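**Q** Just passing along the structure, written as structure tokens.
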Amino acid sequence: MNPQFLQLVSPNETVVVVSLDTTIGGDSSGMINICIPHVVLEPIIPKLSVHYWMQNENTKERKPEEYQSLARNIKQTSIDLSVILGETSITLEEFLFLGRGDTIMLNKGIDMPLSLMVDQEPKFYVQAGKQKQKLAVQVIEEIKGGGDEDDE
């Protein structure tokens, strides 16, 4: 009935005792003792040292199956890409009277690189072309950002 005499491990068992000095409400204070048997800690003791954490952080290599799983997931991922051919300003009246075959002059020359947008962010300079009778772009250069975290 008295928790002071509660004993869950034998007297000769190795234990870790954590003692906490506790104050409740400013006027009540006392000690809280937590006793953890070695048998409970034994499976995780090697992982408790700082040396273990520092060693594993720097030398951990991916297993081949983890690499293959990651590569497979990346190959199945889709992203939105768009290429900005150029920009212009026209009046609403000009827009309303646009018809098939009309030409709109853009602010970029045919020999100027275009911007490839990845999720509305410019990431690459590209040039337009065709591959196997389909419209395509060829990456010329990466656009370096000012302070993005993925530029590190």
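Rule-based calculations on the coordinates, nothing more; no lab input. Note that this is a predicted model, so its numbers are computed, not measured. Quick reminder, even Gly has a Cβ in these numbers, built from the backbone with ideal geometry, and neighbours come from all protein chains shown.
**Q** Which of LYS63/LYS130; LYS75/LYS130; LYS47/LYS144; LYS108/LYS144 have a Cα-Cα distance over 32 Å?
**A** LYS63/LYS130; LYS47/LYS144
**Q** Using only alpha-carbon positions, what ratio does the radius of gyration of the range 81-152 give when scaled by 2.2 N^0.38 Å?
**A** The reported ratio for this selection is 1.39.
**Q** Which ordering of LYS123, LYS132, LYS108 is given by a fewest-first count of other beta-carbon atoms within 10 Å?
**A** LYS132, LYS108, LYS123
**Q** Under the 0.36 nm per residue contour assumption, what length would be gained going from the current alpha-carbon distance of ILE32 and SER89 to full extension?
**A** Computed gain between ILE32 and SER89 is 13.0 nm.
**Q** Would you mind calculating the gained length between GLN127 and ILE79 on full extension (0.36 nm times residue separation, minus the Cα-Cα distance), in nm to one decimal?
**A** So the chain would gain 15.3 nm between GLN127 and ILE79.
**Q** Multiply the residue separation of PHE97 and VAL118 by 0.36 nm, subtract the distance between their alpha-carbon atoms, and state the gained length in nm to one decimal.
**A** Between PHE97 and VAL118, full extension yields an extra 4.3 nm.
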